[in-house]
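What follows is a structure written as structure tokens; I'll ask about it next.
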Amino acid sequence: MPIFAFFVLFFFLELFLMVMTAVEHGWGWGVFWFEVATAILGVALIRHNQEVTMQSLFQQATGRVRPDFSLALFRSARVTVGGILLILPGFITDGFGATLLILPGLHSFLIRLLKAPAPPRQPPESPEPSHSSRSAHIIEGEIEPPRNDSENR
């Protein structure tokens, strides 16, 4: 029974927020069309996600790419739940749905940005001027052939 009460309370909270936004800003039809647009977006995302997930799983099953079934299914579940939340009317559910869809992409973008290749490091300058940068790393000396023990006797 508490779960049912939560959903009823949540429904009235969503309805209250939508009505207050429409009254406060005078967007009665704007709120309605916004909810219709997010529902259409949610349906499109779920349909596209089904196709992409099936292609990914097929490629993994045939050995074309490295198998990572759990990651593919987790991404699919995340997009499906985000799409369902976009279909449900209300600002709170749309916000949670958009968060599910946007934050993982933002996270991977930031990871790629932070792992950008660093510029090549320059060797430290030697105090003595050299003819080339390579000569600074050469140790000059003489090479002697190894001695045989029979020669020393």
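Read-outs: derived from the displayed coordinates by stated rules, not from any lab. The shown structure was predicted, so the numbers you read here are calculated from the model rather than taken from an experiment. FYI the Cβ positions are ideal-geometry reconstructions off the backbone, even for glycines, and counts take in every protein chain you see.
Give the calculated FRET efficiency between residue 7 and residue 39 to the nearest 0.05, with a Förster radius of 25 Å applied to their Cβ-Cβ distance. Walk me through the intermediate numbers first.
Working: r = 19 Å, r/R0 = 0.74.
Taking R0 as 25 Å, the efficiency between residue 7 and residue 39 is 0.85.
Quick one: divide the alpha-carbon radius of gyration of the stretch 35-112 by 2.2 N^0.38 Å and tell me what you get. Each step should come with its number before you reach the end.
Details: Rg = 13.9 Å, N = 78, 2.2 N^0.38 = 11.5 Å.
Ratio of Rg to 2.2 N^0.38 Å for the stretch 35-112: 1.21.
Quick one: length gained pulling residue 91 to residue 78 fully straight, 0.36 nm per residue minus the C-alpha distance? Walk me through the numbers before you get to the answer.
Numbers: separation 13, 0.36 × 13 = 4.68 nm, distance 1.89 nm.
Result for the pair: 2.8 nm of gain on full extension.
Along the Cα→Cβ direction, 7 angstrom out, place labels at residue 16 and residue 54. What is the inter-label distance in nm?
Computed distance between label sites residue 16 and residue 54 equals 4.4 nm.
Output the relative contact order of the stretch 35-112, whole-number percent, from Cα pairs under 8 angstrom with separation of 6+ residues. Don't skip to the answer; put the middle values down first.
Details: 69 pairs, mean separation 27.0, N = 78.
Relative contact order of the stretch 35-112: 35 percent.
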